[in-house]
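Quick notes on the structure that follows.
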Amino acid sequence: MKQVLAAVLVIVLTGCAVTEQAKLSSVDVAAGSGFLKDYSELQPGKEGQALLVYFNPNADWSRYDKVLIEPVTVGLGPSDKLTEQDQQTLSSYYYHALEASLSKDFALATQPGPDVMIVRAALTDATTATPVLRTISVVIPQARLLGAVKNMATGSYAFVGSAQSEGEVLDSMTGERLAAAVDRRSGGISIKNADVWEWGDAERAMDYWAQRIDERLVALSGAPGGPENFAFRSVKPIRVSENGLPGLVVKGEVVNVSKVQRRVPTLAITLLDRDNRDLGSWTFTVSDDRLSPGAPAPFQTGIAQLNAAATKLRVSLASDRQVQHVGSEGYGN
């Protein structure tokens, strides 16, 4: 008994997550929603994964750098009592959470293609929090203690909301399943969500899933992602002469500044005049390798006939030609 109380006190004193994963026993696959056509491949997930997961052992994840997000389905659970308005609210919220997370690392596709994954997601169950009683249960120490005791016994705190989601990733051309998961989360007793509205816990569960889906797909595919994931250093433009005509060679390094392994992105060089006007650009591939966090990839590219008005250059990701690195006026020799 003393050990149980000690564990409870640790939970209360250290604070809890905004949402917490439910116990595996809370998910009844046999009474599934039917959103996933096949539940037989699902297995209990490891730490940090969904409660039930499947990964296609033959999937070539490196092929994919785009995602097509299907509209989110809401209200398939066996005990579903959501109103049509609630379904629309939650469906829209989940879709936009997925869109915001995945667009950071993948191009959003509007149609199938050889490099496109389809992301399907459903909110198969959702329950509301009880706002006033929830605030009391979080703010008052004695109530938090009782809530922690209930959590240890049932896997959920008092007066919190919950949500259950099913999802899968498919090859957009063949429909082959690449991955699938089922997970359930409920609200924690963090002070951060003491005053959430009735669907607040469900929304934060959806935020969590959207972020984890993006992180997992990046880890599997090594997707380059956006410009915030890379930096340029030691960029050096060198003037050359080719058959008596002025040319330019550009050397440098692109560095993975993110926290996960990523594929080396396609880069672009844009020539600029003294007033930063665009004089033309070209793209080039650096490597097919993946970069570990903090690792650099050297590059070298050039142009045989240099525009005489060019005095600066811009190095960027080909997918985002905003300013990443601008050389100083006057190229080196």
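Data for the structure
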{"read-out": "Selection from the stretch 81-112 of residues that are part of a helix (DSSP H, G or I), more than 18 Å from the chain's Cα centre (by Cα) and touching a residue at least 40 places away in the same chain (Cβ under 8 Å)", "value": "Asp86, Thr89, Leu90"}
{"read-out": "Residue in the stretch 258-275 that is within 24 Å of Ala107 (Cα to Cα) and of a type in the set (Asp, Glu) present", "value": "no"}
{"read-out": "All positions within the stretch 49-65 that are in a strand (DSSP E or B) and surrounded by 20 or more Cβ atoms within 10 Å (Cβ to Cβ)", "value": "Leu52, Tyr54"}
{"read-out": "Residue satisfying all of: in the stretch 83-99; loosely packed, with under 14 Cβ neighbours inside 10 Å and over 17 Å from Gly200 (Cβ atoms); modelled with the highest pLDDT among these", "value": "Gln88"}
{"read-out": "Total residues in the stretch 9-48, condition assigned to a loop (DSSP other than H, G, I, E, B) and at pLDDT 65 or above", "value": "19"}
{"read-out": "Residue in the stretch 250-257 that is within 21 Å of Ala107 (Cβ to Cβ) and either surrounded by fewer than 17 Cβ atoms within 10 Å (Cβ to Cβ) or in the same structural domain as Asp105 (by TED's automatic domain parsing) (or both) present", "value": "yes"}
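The values are calculated or read from the model by the stated rules, or taken from the named source; none is laboratory data. Just so it is clear, the model here is predicted, and its values are computed rather than measured. Here the Cβ is made from the backbone with ideal geometry for all residues, glycine too, and neighbour counts use every protein chain on show.
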